[in-house]
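Everything below concerns the one structure shown next.
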Amino acid sequence: MRSYFLFILLFPIVLFSQDTKVFPDDFFGKYKGKLNIHNQNGSQVIDMELHLLPTDTIARYKYTIIYKSDKVNQERKYTLLEKDKTKGQYIIDENNGILLNAFVTDNTLYSIFEVQGSLLTTTEHFADNYVDFEIMYSNKNNMEKSGKNTEEIPEVLSYPVINVQKARLYKE
């Protein structure tokens, strides 16, 4: 009876540990789907791919984003670098001198950066057979201030979202 009870207690732990995936190793592959782009002028849909592949170098991965359109395909060949995997710290190297800090937790890659007056927030959540990809844009020039700038009510800066790009990309 005692061993049966112990089995019942430990069974959920065993099940949970078997389903644990490790980024990026357990998510290598090519993902494809439709990217939905939304802004105040409307919406559009384009084909998109995300490739996350190993290289011959430890802690260095091929990280390619491809936007497809009727006119021109944009292929962005980046490199994902482990800065400190145990802390979830990564670098997205655009291979042109631009390095973006990234953070991974719960198999989700997060990054926030500014370019030419725009703030961009990216999120890529990796699941068993798909990636949920999202980018939000905000223009820093449209910043709005609120609050009272006091100890009780601090000043808060708000940046209206002007563009959202979302996709669920399925592993091939």
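The values are calculated or read from the model by the stated rules, or taken from the named source; none is laboratory data. Computed from a prediction, not measured in an experiment: that's the story for all the values here. Quick reminder, even Gly has a Cβ in these numbers, built from the backbone with ideal geometry, and neighbours come from all protein chains shown. In case anyone asks, the SASA skips ligands and DNA or RNA and just uses the protein heavy atoms, side chains included. Shrake-Rupley method; radii C 1.70, N 1.55, O 1.52, S 1.80 Å.
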For K34, the lysines lying under 24 Å Cα to Cα, once residues fewer than eight places off in the same chain are dropped, come out as K62, K68, K71, K77, K166, K171
Could you give the length gained on full extension between M143 and H38, defined as 0.36 nm per residue of separation minus the Cα-Cα distance, in nm? 35.8 nm
Sorted by accessible surface (1.4 Å probe, heavy atoms of the protein chains only), largest first, M48, M136 come out as M136, M48
With every protein chain present, what accessible area does V115 have (1.4 Å probe, heavy atoms only), rounded to the nearest 10 Å²? 70 Å²
For Y130, enumerate residues with amide H under 5 Å from its amide H, sequence gap 5+ or separate chain, H modeled in the peptide plane. K171
Contact order normalised by residue count of region 121-172, Cα under 8 Å, 6+ apart, percent: 41 percent
L100 to T150: FRET efficiency via 1/(1 + (r/R0)^6), r the Cβ-Cβ distance, R0 25 Å, to the nearest 0.05? 0.10
